[in-house]
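Everything below concerns the one structure shown next.
Read-outs throughout are calculated quantities, based only on the coordinates presented, and are distinct from any laboratory measurement. Note that the structure is a prediction, hence the values are computed from the model and not measured. Backbone-built Cβ (ideal geometry, glycine too); neighbour counts: all protein chains shown.
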Amino acid sequence: METKSKGTISQPRLYIMDTKIFKNMDEYEDDTNVITKSDIKIQEPSMYRVLLHNDDYTPMEFVVDILESVFNMRNPHATQIMMDVHQKGIGVCGVYTYEIAETKVAIVTESARKEEYPLKCTMEQD
Ligand code: TYC
C-alpha cells in the first residue's frame, strides 16, 4: 500500500504481519511447512591445524617468539610447544578456519625467510 501526500514522493509502508518464516509464499497457509528451529541446519566451517616442523637451524628463541606473537601463546606454553616440536619433529600450533590458518602459515613463513631461517609451517584439515 502506498500513501501519497501533495508534492512529495513517499515510500510504501512496510508491515510485519507475522513472525513465522515460510519456505515460500505458497506455503503460507500450510502450517506443516512452517520452518521450525529444528529444520534449520547450520553448516559448521571445516577447521585446519597449523603445524610447525622441526629443523636444525632455526633458533629456539625465534620459534618461541613466533608462537607468542602469531599464535597468542604465553611464554611457558610457547616454550613447551617449541620443545615438543624440537623433540618429536612436528607439533600443532592451533586450529583455525581456512583463511585464518592460511594467513598464519604465510606470516610464519615470511618472518622466518626474512631472517633466512628454514622454519617450515604447514596446515592440514582437522
Ligand atoms: N631444532 C631447533 C634447534 O635446535 C629448534 C626448533 C624448534 C626449530 C622447533 C624449529 O619448529 C621448530 N635450534
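Before moving on, here are some points about what is shown:
- E99 being surrounded by fewer than 12 Cβ atoms within 10 Å (Cβ to Cβ), more than 13 Å from L52 (Cβ to Cβ) and within 13 Å of the ligand (Cβ to nearest atom): no
- Of the residues making up segment 46-89, those that are among the hydrophobic types (A, V, I, L, M, F, W, C), more than 8 Å from the ligand (Cβ to nearest atom) and not in a helix (DSSP H, G or I) are M47, V50, L51, V70, F71, M73.
- Flag for A112 being touching a residue at least 12 places away in the same chain (Cβ under 8 Å), touching a Pro at 6+ places or on another chain (Cβ under 9 Å) and surrounded by 12 or more Cβ atoms within 10 Å (Cβ to Cβ): yes
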